[in-house]
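Peer 1: Pasting in a structure now, in structure tokens, and then I'll have a few things to ask.
The values are calculated or read from the model by the stated rules, or taken from the named source; none is laboratory data. Here the structure is a predicted model, which is why all the values come from computation and not from measurement. Here the Cβ positions follow ideal geometry from the backbone for every residue, glycine too, while neighbour counts run over all protein chains shown. These accessible areas exclude ligands, DNA and RNA; they are computed on the full protein's heavy atoms, side chains included. Shrake-Rupley method; radii C 1.70, N 1.55, O 1.52, S 1.80 Å.
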Amino acid sequence: MRAPLSWLLSYCDPGLPAEELGDRLAMHSIELERISQVGAPSADGFVLGKVLSVDRHPDADRLSVCEVDTGDGKRTIVCGAPNVAPGQTVPVALPGARMPDGRELQKAKLRGVESDGMILSEAELEIGEDAAGIVVLDGEGDPGTPLSEVLPVSETVLELEPTSNRVDCFGIYGVAREVHAVTGAALAPPPWAEDAEATGEGTAEDYASVTVEVPELCPRFTARVFTDVQIGPSPLWLKARLIGAGMRPINNVVDVTNYVMLLTAQPLHAFDLAKVRGDALIVRTAKEGEKMTTLDGVERSFDTDAVLVCDREGPSGIAGIMGGQISEVSDQTTRVLLEVATWNGVNILRTSRKLGLRSDASTRFEKQLHPELAIRAQRIASALMVEVCGAKLVPGTIDVAAEIPEPHRLELRTERVESLLGMPIESKLCSEYLERLDFEVSGKGKKLKATVPVHRHYDVTREVDLIEEVGRIHGYDDHLPATLPETSGQAGRLTRDQALRRRAEDVMRDLGFDGVVTLSLTDPQMPGRLRIPGRDSRAEPIRISNPLSVEHSELRTTMLGSLLDAARHNLAHDAERVTLYESGRAYLRQGSSPFDGVLGGSFAGRRPAPAYEPQRIACLATKALRPGGWRGEVVDADFFAIKGVLEALAAQLGTEVGVEPAEEPFLHPGRSGRILLGGEAAGWIGEIHPLVCRAWDLEAAAGFELELAALVALSPSGQEQFEDVISYPAVHQDLAVVVPEETPAAAVRAAVFDAGGELLRSAEVFDLYRGEQLGEGQKSLALRLSFRAPDRTLTDEEVAPLRERIREALAEIGGSLRE
């Protein structure tokens, strides 16, 4: 919302600099995004001048040599405009003035004649687009009068960000009302206080009719008719205000509708009445597939939810969003039907999103306007149509309205004000603040009665809303006492689950991974890019009801897509390698886990959950997991490196983790697995499928995604037992075990541990061999065993029986020792 300062101050002028006024609004009412400038940096050096004479330039046919009185004497100005003439009052920039483009104007010789200034056009002043001729301001003042008294040469603009519930602040007068409430400065009477005089012939019903077939979607539709309309450019003051507010002037009729919308926050639309077929407007829902070309030249197709404004032969505009080309006001227009309506905000928002079409009108309508605002806008627009367009207002207003909602009448208790705000505010002040905001207040003492104005009808509905209004106008910074919150005297602490989750995150960071926090929302194409088949539950994400964009319209079913997006972004910004992890939630339509209830994984013990939201920890590494250097070689990010990360994570939480072969659509075949915790599936691990890597512009990547609830549930943290350090040396032996190719290393280790008993302290796989001498379908795993007793040094004779038991255990799983 752009509020030109001169326009705003014409309704309420507190006498404050723009910066201070912006700060006051930001602290009490509306967020200030920035303060910008339209036009020249300063109004200094811009004055009114009177053209005394105009002679042809001796050396240029298209230039004129003008004598101009600028209040400080005559000066010669060379001008190229064809419309300059003696006797005109014109805007003049004197040498030293700084132009809107930033350059400083200097005396200059043009074809041998010195020019002591510049006579200005609309485009040079940045108050319009006409660059063909100079601006003529006859009767606006005497020579030497500062131009800023006539035109906004240097316009300061407050760029505001009203909240969505404050649709009244999307209008200049609504912002002025806030300035009045915050500062106490006088507020000008509302611009809709007086209506235009009707001088046309007949009544509005003689020219057109209106039928509303869907009153629940169009609570009010008003229309007025104007004849003898003269289409042309708008006056300079109107153009300047529109440009300052960020709108391009088009013609006087369209400019009037835009001006009134910017002033009141109530959009309007003008129809060329001669193009309204059958002289009738019908408000109805669209037929499936019905089409219309809008003012922007685009043919659009509608579904049955869209509301259209139609004539007898078809659509003429999209309700509350954009008009149609078929009834557009043009240079030949002489009769205008001015529509000011109220629409269902939810319907406008839904239709706007479906069409991918958002306008200044829809931005306001979607926040829901009160039906009474329509007549206010009609009054202001009618006066301007008569003044600016030379039109005649036809008597009467076509007004088709459903039941107008009754105003809210609320009670305000001063004790409640103090209990909620934490500061006392006198009843008299409460009443004053509300009256500044246009509330009607009655009563005295500790109870007040307030009637909510129509422009706040959908915002202020409860006593607490009144208290909020009183509190923000009163101010918090200067009045709210600083107090410490009441506590029980017991310091807060993390739960066991929270502490373990943080430990897991710390471990990933210590392993060299960077933590990221990504959006849980993703785009509908994400499952397809991850190659997840349609029968998979992860291919059916939950769609949110009010997405801000299509790219963020569905909840993620796996964290992999988020990590791939982050990896691509970092690599595109010249990161040499990327190692990322995230702790967050995935969202599935249904599901369960043996660890439900841990970390809130399944809403256990609460009402039935609409979805399954497991807490997970996931990582992704591209290129090198660890860079090389003089102290070590490069560790590539492959399956085995990522498996080492997984095992290190589990070890730090005291949990045994297993991996078994398994396929995932987004993982490389033969280089992927299923993570097992406590014998239950708890996630996936592997190298990312080459086709998925290609979709994200990655050469290669590997990662895992693990149910964090499972990791936490199986961790013995808090139940650790002390074990004395064994000071006796260990007996180390290496085994080469030949097993079938399909036997996992985890099964071999499990068999070795079971047979080795308490004296076997560790069994680590350190080599894998395949060769012709082993036979087809066989592989050899090399294990390093460590035997140690707590009370003595073991001998080879004591270890030999254990080794034999290990041989027998391996034979049971189809293995044998290589001699």
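Peer 1: Below 18 Å, Cα to Cα, which aspartates and glutamates can Lys779 reach? Residues fewer than 8 away in the same chain don't count.
Peer 2: Glu660, Asp734, Glu741, Glu742, Glu764, Asp767, Glu812, Glu819
Peer 1: Using helices alone, I'd like the mean residue ellipticity at 222 nm for the chain: each DSSP H run of four-plus residues gives -39500 (n - 2.57), total over residue count, nearest 500. List each step's numbers first, then the result.
Peer 2: On the way: 21 runs with 210 residues, N = 819.
After summing the helix terms and dividing by the residues of the chain, the value is -7500 deg cm²/dmol.
Peer 1: What is the distance, in nm, between label points placed 7 Å from the Cα along the Cα-to-Cβ direction at Ile404 and at Ser209?
Peer 2: So the label points at Ile404 and Ser209 sit 2.5 nm apart.
Peer 1: Rounding to the nearest 10 and keeping the result within 0 to 90°, find how far the Cα-based axis of helix 172-183 lies from the longest principal axis of the chain.
Peer 2: Helix 172-183 and the main axis of the chain meet at about 80 degrees.
Peer 1: Could you tell me which label, among [x] 38.7, 125; [y] 34.8, 122; [z] 29.3, 107, carries the value of Rg and Dmax of the Cα atoms in Å calculated for this structure?
Peer 2: Label [x] holds the value from this structure.
Peer 1: Could you tell me which of rounded, prolate or oblate describes the range 461-537, using a ≥ b ≥ c as the square roots of the eigenvalues of the alpha-carbon gyration tensor, with rounded for a/c under 1.5 and, failing that, prolate when a/b is larger than b/c and oblate otherwise?
Peer 2: Details: a/c = 3.09, a/b = 1.57, b/c = 1.97.
Verdict is oblate for the range 461-537.
Peer 1: Note down the nm distance, to one decimal, between modelled labels 7 Å out along Cα→Cβ at Met423 and at Leu768.
Peer 2: With each label placed 7 Å out from Cα toward Cβ, I get 6.9 nm.
Peer 1: For Lys239, list the aspartates and glutamates whose Cα falls under 12 Å from its own Cα; do not include residues on the same chain fewer than 8 positions away.
Peer 2: Leaving aside aspartates and glutamates fewer than 8 places away in the same chain, those within reach of Lys239 are Glu122, Glu126, Glu129, Asp130, Asp255.
Peer 1: What do you get for the angle between helix 639-652 and the principal long axis of the chain? Use alpha-carbon atoms, 0 to 90 degrees, nearest ten.
Peer 2: Roughly 80 degrees, rounded to the nearest 10.
Peer 1: Can you list residues whose amide H is under 5 Å from Leu137's amide H, if they're 5+ apart or on another chain and H is modeled 1.01 Å from N?
Peer 2: Placed amide hydrogens put Thr89, Val90 under 5 Å from Leu137.
Peer 1: Which entries of Lys275/Lys354; Lys50/Lys107; Lys623/Lys643; Lys275/Lys367; Lys367/Lys449 show an alpha-carbon separation above 22 angstrom in the structure shown? Each step should come with its number before you reach the end.
Peer 2: Numbers: Lys275/Lys354 28 Å; Lys50/Lys107 19 Å; Lys623/Lys643 16 Å; Lys275/Lys367 31 Å; Lys367/Lys449 27 Å.
Flagged as over cut-off: Lys275/Lys354; Lys275/Lys367; Lys367/Lys449.
Peer 1: So, R0 is 56 Å and r is the distance between the beta-carbons of Leu110 and Glu288; what FRET efficiency does that work out to, to 0.05? Don't skip to the end; give the middle numbers.
Peer 2: Working: r = 65 Å, r/R0 = 1.16.
It comes to 0.30.
Peer 1: State the Kirkwood hydrodynamic radius of the range 624-680 in Å, one decimal place, computed from all pairs of distinct Cα atoms. Can you show the working numbers first?
Peer 2: Details: mean 1/r = 0.0777 Å⁻¹.
It works out to 12.9 Å.
Peer 1: Once the Cα atoms of the range 724-819 are picked out, what are the Rg and Dmax in Å?
Peer 2: Radius of gyration, then largest Cα-Cα span, for the range 724-819: 14.0, 47 Å.
Peer 1: At R0 = 41 Å, how high is the FRET efficiency between Asp44 and Glu435 if r is their beta carbon distance? Nearest 0.05 is fine.
Peer 2: Details: r = 41 Å, r/R0 = 1.00.
Result of the calculation: an efficiency of 0.50.
Peer 1: Express the accessible area of the range 178-310 per residue in Å², computed with a 1.4 Å probe while the remaining protein chains stay in the model. Can you show the working numbers first?
Peer 2: Working: 5150 Å² over 133 residues.
Here the residues of the range 178-310 average 39 Å² of exposed surface.
Peer 1: Could you tell me how far the Cα centroid of the range 641-716 sits from the Cα centroid of the range 162-213, in Å?
Peer 2: If we compute the Cα centre of each part, the gap is 63 Å.
Peer 1: Straight distance only, please: which aspartates and glutamates reach the Cα of Lys291 with their own Cα at less than 15 Å, same-chain residues fewer than 8 apart left out?
Peer 2: Glu299, Asp303, Asp305, Asp311, Glu313
Peer 1: Can you give me the % of accessible surface on the range 79-217 that is carbon or sulfur? Probe 1.4 Å, all protein chains present, nothing else counted.
Peer 2: Summing carbon and sulfur atoms, their accessible area is 46 percent of the total for the range 79-217.
Peer 1: Taking Rh as the Kirkwood radius, which is the inverse of the mean 1/r over Cα pairs, what is the Rg/Rh value for the range 341-429? If you can, show how the numbers build up before the last one.
Peer 2: Values: Rg = 20.3 Å, Rh = 17.4 Å.
Radius of gyration over Kirkwood radius for the range 341-429 works out to 1.17.
Peer 1: On a 0 to 90 degree scale, rounded to 10, what angle separates helix 18-28 from the longest Cα axis of the chain?
Peer 2: So the inclination is approximately 60 degrees.
Peer 1: Could you tell me which of rounded, prolate or oblate describes the range 130-207, using a ≥ b ≥ c as the square roots of the eigenvalues of the alpha-carbon gyration tensor, with rounded for a/c under 1.5 and, failing that, prolate when a/b is larger than b/c and oblate otherwise? Walk me through the numbers on the way to the answer.
Peer 2: On the way: a/c = 1.90, a/b = 1.06, b/c = 1.80.
Oblate.
Peer 1: Same structure again: Whole angstrom only: what separates the Cα centroid of the range 429-445 from the Cα centroid of the range 348-413?
Peer 2: What the calculation gives is 27 Å, centre to centre.
Peer 1: Another question, if that's okay. Glu804 versus Leu817, label points 7 Å from Cα toward the beta carbon: distance in nm?
Peer 2: 1.1 nm
Peer 1: A further question on this structure: Scale the Cα Rg of the range 261-374 by the rule-of-thumb value 2.2 N^0.38 Å and send over the ratio, two decimals.
Peer 2: Details: Rg = 13.3 Å, N = 114, 2.2 N^0.38 = 13.3 Å.
In units of the 2.2 N^0.38 Å rule of thumb, it is 1.00.
Peer 1: What is the calculated FRET efficiency for Ala499 to Ala651, with r their C-beta to C-beta distance and R₀ = 30 Å, to the nearest 0.05? Mind showing how you got there, number by number?
Peer 2: Details: r = 17 Å, r/R0 = 0.58.
Working from the Cβ atoms, E equals 0.95.
Peer 1: Then there is this: Measuring from centroid to centroid over Cα atoms, what is the spacing of the range 459-526 and the range 280-298 in Å?
Peer 2: 46 Å
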